[in-house]
Structure formats: structure tokens, C-alpha cells
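Worksheet: one structure, shown below.
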Amino acid sequence: MVFEIPKNSYNGKINNLKLGVGNSQIMVGGEAALPFHGFEGDIPNRPIIAMEVYDAEPSGWPETVSKYFKDVFSDPVKWARKNIEEYGADAICLKLTRIAPDGENQGPEEAAELTKKVRESIDKPLIVYGTGPIEKIAEVMKRVSERNADSNILMGWAEEDSYKTIAAAAMGYNNNVISLNQLDVNIAKQLNILLTQLGLSPDRIAMDPASSGLGYGLEYCHSAMERLKIAALLQDDKMTQMPIINDIAPEVWKVKEVKESEANYPEWGDQEERGINWEAISCMSLLISGSNILVMRHPGAVSLIKQMIDMLL
Amino acid sequence: MALSGLDIFKKLPKTNCKDCGFPTCLAFAMQLAAGKVELEKCPHVSEEAKKDLAEASQPPVLKVEVGSGDQSFIVGEETVMFRHDRTFVNASAFAVTVKDDMDDRQIEETVKDINSISYERVGETLTINAVCIKNSSGDRSKFLDAVSKVSSLTGKPMIFVSGDAETLKEAAEKFKDRRPLIHAAKKDNIEVFEGINRDTGCPIVVRGETIDEVIEITEKLREAGVKNVVIDAGTRDLKSDFVNQVAIRAAAVKKQERRLGYPTIVFPDEMTDDLHKEALIASLFVAKYGAIIVLSGTDRQNIFPLLIYRQNIYTDPRRPMQVEEKVYEINNPDENSPILITTNFSLTYFIISGEVEASKVPSWLLVMNVEGQSVLTAWAAGKFVPELIAQFVKKSGITEKVKRKEIIIPGYVAQLQGELEDELGEGWKISVGPREAGEVPKFLKSYAAK
């Protein structure tokens, strides 16, 4: 006898999301099978790794990760290039922290100018996340989209209470939008319906399931993503077929299990190695549950995850 | 093959007595067929029917117990592909390798180290489950010596790995009281392993180069009545091993393929020399169907995150994880430190306590038992309401610990402020904290400065 693997028959596939233009363009998504189930269907594009760049020196990072970026903390352009040239980032995820109203309250123009400068100095796609209240983010992204017209950047984020401004900004200038949902399949679908009803093409949307890290609710994220992918692929639910982005780095690097030293917690082992494992295991879990874009921080974890993807594809 | 609801119905009393909690015997039978209830729920079912139904109602992945005494572990009994479909049942068992060509001191250190690994988290104790002893020397007496040494140092279950069936036979006979797992039967020596299982009762690993070969062996073992079987379909190549794990689980769960309906063992320690990669491969198999996972060493920076990951994945999604109801001391609080209150949903607790800790502000965190619900859910369910909160605060013991009689409540339940002050009386004040955990550090810093 010859054993035959009981295969899923898929009715749907994940949308192709175009990031960047010209030589820097990459495609994300497009798969017609569950993660790494290449024996069941076509997986044309690899999951990609976007590495973080901040517009200001970040605070609260443990030395075990900040030491790789200290020389570029003050210069987002250099930081982005270092991520690409030295650490092999597939894309850059620029975090706009200075726009937060309870901080510097930087205006949209200045923030947008920075995104343009970073984009023009790299040969990889750009993802932009804002911090602060959603209204301020939307106001900033409007300008960001305008200043980066026709360049297929990916902008975060839209949520159910506030999606019109950012969707309009993306449509008007040919860019992409991240739809944020709190680990909930129905909310994710609802928001995608609202965005597409507004006229935004489904292939201009990526979904962010508000990722949670190892030990802090990772299993909720894992299962929410598996449900999204099953709905998309097996039930051909069009409103769940957007590629998934996981902004996981901040979730991993804020917990005490990566911040505490081995001297304080000898039973936890070497702090840096532990931190790399914390980020990489979180990412591995997200990959096998369906991540298309991972936003990562530690160069060691990035390298490991890239190798794991190579081995599994 | 699993029986249909109708097949099961024929064997039930058909009295529709409702003692099982379902309106009719047929409804109960349908639930049984779907694996959603246990046969024991019917108090009237005959012994004969029980026996008939036992085989059919066995889970698609059979249960296998390894080891003896209170440290033995159970794997198998899985019924789904995805944890959200119901839940994963028995958490993957981690084993750490000891090689018989290590010297005595190395063996002793490794085993003691394995014994010492223990983490408390969310009311569970996380440990390594087993020691995997490998006949790396190829020498029989060395292997027996190593096994003997390990068995004297730990009560944890053992896994015996050797390429020589006779060595395994001797070791199994000698240590059968410990019920070790024996690795591995191959297609050319099945009879020896039938014998080992019959004479010692030890569970047996079947190793095939392909899934076809595995089926060939398990089929013969089934015919011989051997039930305690674990599958090693390992090529030690990550991609093929991943596909094999998915294929075996899918065949067992979706096609009721009994010949593949056994728990599996995987060997990340043999798949890479890089410890980080080993940890990642192990984590992949925690989520994707590895029942026993063999690791090369005890480095805490690898073991600790892996044990937490296993706990995450094997949490029952139908029941929220809970932490203990009590007063948690964070950053060494004193009698003037701020007091915060929240519910005992483990995620809520972890996130809030993490933020309080990060704030560096010494604080008291009151965690109230609301059966593991989040703040808003518990409030909506009438479990996190002024009267009950006041009762909890008074019996929590916080009143004896502080002078500053003021409690910070979560921003999402700001409406409780006035009523809770009334319920508490005795000069207690309530202040409203932020809605999101991320804002807690900023809030606490300015609060403590007041």
C-alpha cells in the first residue's frame, strides 16, 4: 500500500499584497495552503521580516538588544540601512513615536517628511506605524500617504472607530492600510468590510491581530490567526483573505522575562540568549499560525527565523 | 473505525430518561459520536455495551503512559487538528538526553540538573518529564550501567534508545518496574519488540523510514495485541518531519486511521547542532503534534521559554487561565504604597503586574477571583461589582498592611467608584486608574508623587 496524506481541499487563497515599487517591490501573501503546507497548495511568497526603526531613541530596551543599534539610534536613515545591509531585513517598519500628543506632539508634515526620507534611502519596502490616539495617527498618515504617493507603503493603522481618513489617504495616493483587530475574527472581518465598502481594494489591506507574545497571551493570537486562515482558505471568506502582519517586537521586549538579568534570575539562564529565544519562539508560533509579515527587533532572532523559514519552505 | 451516532444509539438503553443531561438517548449518542461527552454520563448503560463502545469511543490518538509512580506522564488522547476546535489534551512531554558514553560525573550532573528544573506559573509547576538515555557507545554493558545510574538518580520516566534490540530487551526486563519507553522497533525486528511489550509491559516506539513502513509495523503490533505504541516517523529533516507530523495527526483524526492513531516522538536534538534552532524546532513540534520531544541539554535559556510555550499552547481555550486570589506585592511596597485592584484572569494579571513592575513604583496589587474573567466581562456578569469587591478587600488582609486607604480601580469600571466607596466605608477612597495597562506606569508615577 501507499499512504496518502489526507489533504485539505482549499477553496480560497490569500490576497497578494504589493509592497514597494520598482526594484524594491516584494509580494506578500498569495498562498493557497495553510502555513508551510506546500504539499497541499502553492505558497508563492515567503513570509517576510520587517525590522523596526524608531524616529527617536527608544527607552526601556534592555542592553541585550539596544547594543546592536546604539550607533544608529539618532539617525533613522542609517538605522534602516543597517537593518537591511547588516541584519538582512526584508522591509523596514518605521515607528513614529514623536507624534504622540502627550509627548512631543510632532506635526504631520515633519513626520511625513521623515517617512519619505527613509523610504528614498532604502531599496526595501516601507511600513509605517504611528503611536498615540488613532485620530492623531490618521491625521499624520494622511500626510504620510501624500508625501509617499504611488509607492505602496503599508500604513498602520485603521480600527473600527476610525478608518475613513486613513483609507481615503491610501486610496488617494496608492498606498496600503493595516486593519487592526483585537484577536477577534468577527471584528477583523467587520473592519475589512467597512474598508472595502469605502472603496479600498482588498489587496491593499493587511491585518494586524494585535499580537501577543510568549507567556502573555500568545495562544490567543495563535488560535485567532489559525481561525482567520482557515476561514480564508477552506471557506473562501473574502474578508479574511488579507495577509497578516504581526508587530510582535514591542510585545516581546517589554516583558520581565527578557529584561531581567541572569544575576537576578539564575534559573532563567543567559539573558541575551533567552531574549533571542523569547522573540524567535513567539515568531515561530506566529509563522505556523499564518503570519505573512513579522516585525522583529533582535538581529540574532531575525537570522534564526529566516533560516527556519528556509528550512520549512 | 469510529461508530456513528446511530450505531451507538443501538447499544444505549433507549429509555430517554434524561439522566445524562440530554433530552433523548439519540441526542446523547450523537454527542458521544462527536466525542463531546463521555459514556460515563449514562448511568444505565450495560457492561456489555460499555465494552463494545469502549473500542469505538477510544480517542483517534491512543493514550500512552510512560514511567511509573507520581512522575509518570501520559501522551496521546488527542482529538483535533487545531486547539480552537476543542483543546489539545495532553501536553507534549519534554525529555533531555543522556548518552552512555558520558562519564559518571557528567551523567550525574545532567540528571540532577534535569531534576532541578521547576518553574511555577499560573498555578502550575513546569518541569522536564523524562530522561532519554542513548546507547551512543554501541556497547551493551555501558548502556546498562548508564541506565542503572540514571534510574538511581531520578524518579522521572526514562526513554531507552539503542540500535541493538537485544540491548533494549535486557534493559527493559531489568527496569520494567519503571515502565520505560523503548526505542525502537523496526520492520526487521518486530517480533523482538512484541516480546518486550508482552513480557515487560513497556511501551514501544515504532520507527519507520516512511509512513508506509510505520503502518506496516503498527499493523503487525496491533494484530499481536500491542497497544502501547509511540511513532517515530523521523527523517530528522525539519521539513519532512513537519509534514509527517501533520500527516499522521490528520490521518488519525480525520480518517480514523487506527494504524497511525498513536502519539509521536520527535528528536530536535538530532536535527541541528545549534541550540537556538533546536529550541525553535522543539517549539514547532509543541504546536504541531509532537507528543514526546527530545532535547539535547538543560540550558535554562532554552528550557524556560519552551516550557512556557508548551503551557500556552496546551491551555484549554474553553476555560480561561486563572491566577490565585490574593494580595500581590510588587517592588516591595510599604504602608503608604498605592493599592490597585484587578481580576484573576491570568492575562489581565500578567499584563497589569508587568506594567506595575516596569513602573518601579512599589505597589500592592489585589487580585480578585472572578473565575478567570477579564475586568469588563466579570463586571457584566455581576462578579466584579461593589458589594463583592468590598467583601474581598476586607478579607484580603490589605487593611492591616496599609495606612493610605485608597484603592485604584481599572478605568473601564470607573462607574463603580461611588458605590464601592459606600460599600467599603471606614474612610476608604476609590480613585480611577487608566483604561489600558500600557498607561499604568505613567499613572502610578504621578499617583505616587501625590
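The values are calculated or read from the model by the stated rules, or taken from the named source; none is laboratory data. Since we're looking at a predicted model, the values are computed, not measured. With ideal geometry, Cβ positions are generated from the backbone for all residues, glycine too; neighbour counts draw on all protein chains shown. These accessible areas exclude ligands, DNA and RNA; they are computed on the full protein's heavy atoms, side chains included. Shrake-Rupley method; radii C 1.70, N 1.55, O 1.52, S 1.80 Å.
From the residues in region A:47-77 that are surrounded by 16 or more Cβ atoms within 10 Å (Cβ to Cβ) and among the charged types (D, E, K, R), which one is nearest to the chain's Cα centre (by Cα)?
Within region A:47-77, the match that is nearest to the chain's Cα centre (by Cα) is A:E52.
Looking at B:D269, B:D237, B:D299, B:D241 in this structure, which one is more than 8 Å from every other protein chain (Cβ to nearest Cβ) and surrounded by fewer than 21 Cβ atoms within 10 Å (Cβ to Cβ)? Spell out the reasoning first.
Values: B:D269 fails: surrounded by fewer than 21 Cβ atoms within 10 Å (Cβ to Cβ); B:D299 fails: more than 8 Å from every other protein chain (Cβ to nearest Cβ); B:D241 fails: surrounded by fewer than 21 Cβ atoms within 10 Å (Cβ to Cβ).
Every option except B:D237 fails the conditions.
Taking only region B:123-138 into account, find how many residues are surrounded by fewer than 16 Cβ atoms within 10 Å (Cβ to Cβ) and more than 30 Å from B:N369 (Cα to Cα). Outline the logic, then answer.
Within region B:123-138, the subset surrounded by fewer than 16 Cβ atoms within 10 Å (Cβ to Cβ) is B:123-125, B:138.
Of the ones still in play, those that are also more than 30 Å from B:N369 (Cα to Cα) are B:138.
Result for region B:123-138: 1.
Among what's in region B:16-36 and is of a type in the set (G, A, S) and within 18 Å of B:S4 (Cα to Cα), pick the residue that is least open to solvent (accessible area, probe 1.4 Å). Talk me through it step by step, then tell me what you get.
Filtering region B:16-36 down to residues of a type in the set (G, A, S) leaves B:21, B:27, B:29, B:33-35.
Keeping just the survivors that are within 18 Å of B:S4 (Cα to Cα) gives B:27, B:29, B:33-35.
Working: B:A27: 28, B:A29: 0, B:A33: 45, B:A34: 47, B:G35: 38 Å².
Only one residue fits best here, namely B:A29.
Please work out which one of (1) over 22 Å from A:K142 (Cβ atoms); (2) more than 13 Å from chain B (Cβ to nearest Cβ); (3) open to solvent by 30 Å² or more (accessible area, probe 1.4 Å); (4) not basic (K, R) is the condition A:L194 fails and give its number.
(1)
So is A:E104 part of a helix (DSSP H, G or I) and more than 20 Å from A:G20 (Cα to Cα) or not? Break it down into steps so the answer makes sense when it comes.
Values: part of a helix (DSSP H, G or I): no; more than 20 Å from A:G20 (Cα to Cα): yes.
Answer is no for this residue.
Could you please find all residues in region B:381-418 being open to solvent by 80 Å² or more (accessible area, probe 1.4 Å) and without any contact (Cβ under 8 Å) to a residue 24 or more places away in the chain?
B:Q391, B:K395, B:E400, B:Q415
What number of residues within region B:419-435 are part of a helix (DSSP H, G or I) and touching a residue at least 12 places away in the same chain (Cβ under 8 Å)?
Step one: list which residues in region B:419-435 are part of a helix (DSSP H, G or I), which gives B:419-424.
From the residues that got through so far, the ones that are touching a residue at least 12 places away in the same chain (Cβ under 8 Å) too are B:419-420, B:422-424.
Total satisfying the criteria: 5.
Would you confirm whether any residue within region B:82-100 is surrounded by fewer than 20 Cβ atoms within 10 Å (Cβ to Cβ) and under 24 Å from B:T110 (Cα atoms)?
Yes, some residue in region B:82-100 is surrounded by fewer than 20 Cβ atoms within 10 Å (Cβ to Cβ) and under 24 Å from B:T110 (Cα atoms).
Return the residues of region A:87-105 that are at pLDDT 95 or above and open to solvent by less than 20 Å² (accessible area, probe 1.4 Å); say none if nothing qualifies.
A:A89, A:A91, A:I92, A:C93, A:L94, A:K95, A:L96, A:I99 - these are the residues of region A:87-105 that are at pLDDT 95 or above and open to solvent by less than 20 Å² (accessible area, probe 1.4 Å).
Need the failing condition index for A:V302 against (1) part of a loop (DSSP other than H, G, I, E, B); (2) under 14 Å from the mean Cα position of the chain (by Cα), just the number.
(1)
If you check every pair at least six apart or on different chains, which have Cβ atoms under 6 Å apart with a residue in region A:260-280 that is more than 7 Å from chain B (Cβ to nearest Cβ) first and a residue that is assigned to a helix (DSSP H, G or I) second?
Listed pairs, sorted by first residue: A:S261/A:Q271; A:E262/A:Q271; A:Q271/A:T64; A:E272/A:T64; A:G275/A:T64; A:G275/A:V258; A:E279/A:V252; A:E279/A:A301.
B:F392 - would you say it is part of a helix (DSSP H, G or I) and within 24 Å of A:K254 (Cβ to Cβ)? Show your work before the answer.
Working: part of a helix (DSSP H, G or I): yes; within 24 Å of A:K254 (Cβ to Cβ): no.
No: the conditions fail for B:F392.
Checking the conditions here, which among B:E108, B:E120 is surrounded by fewer than 21 Cβ atoms within 10 Å (Cβ to Cβ) and in contact (Cβ under 8 Å) with a residue 24 or more places away in the chain?
Working: B:E120 fails: in contact (Cβ under 8 Å) with a residue 24 or more places away in the chain.
Answer to the check: B:E108.
Quick one: A:G300 ticks every box in (1) open to solvent by less than 10 Å² (accessible area, probe 1.4 Å); (2) more than 27 Å from B:S346 (Cα to Cα) except a single one, so which number is it?
(1)
Could you list, in sequence order, all residues of region B:37-56 that are surrounded by fewer than 13 Cβ atoms within 10 Å (Cβ to Cβ) and without any contact (Cβ under 8 Å) to a residue 24 or more places away in the chain?
B:E38, B:E40, B:E47, B:E48, B:K51, B:A54, B:E55
Here's a check for you: in region A:241-259, which residue that is within 14 Å of another protein chain (Cβ to nearest Cβ) and in a helix (DSSP H, G or I) is modelled with the lowest pLDDT?
A:K256
Across region A:202-222, what is the total count of residues that are within 13 Å of chain B (Cβ to nearest Cβ) and open to solvent by less than 10 Å² (accessible area, probe 1.4 Å)?
As a first pass, look at region A:202-222 and keep what is within 13 Å of chain B (Cβ to nearest Cβ): A:210, A:212-222.
In the following step, the residues that additionally are open to solvent by less than 10 Å² (accessible area, probe 1.4 Å) were identified as A:213-215, A:217-218, A:221-222.
Total satisfying the criteria: 7.
Output the residues belonging to region A:260-277 that are surrounded by fewer than 22 Cβ atoms within 10 Å (Cβ to Cβ) and part of a helix (DSSP H, G or I). Break it down into steps so the answer makes sense when it comes.
Initially, region A:260-277 is screened for residues surrounded by fewer than 22 Cβ atoms within 10 Å (Cβ to Cβ), giving A:260-273.
Result: A:P266, A:E267, A:W268, A:Q271, A:E272, A:E273.
Of the numbered conditions (1) in contact with a strand residue (DSSP E or B) (Cβ under 6 Å, 6 or more places away or on another chain); (2) closer than 28 Å to A:E113 by Cα; (3) not aliphatic (A, V, I, L, M), A:N45 fails exactly one; give the number of that condition.
For A:N45, the exception is condition (2).
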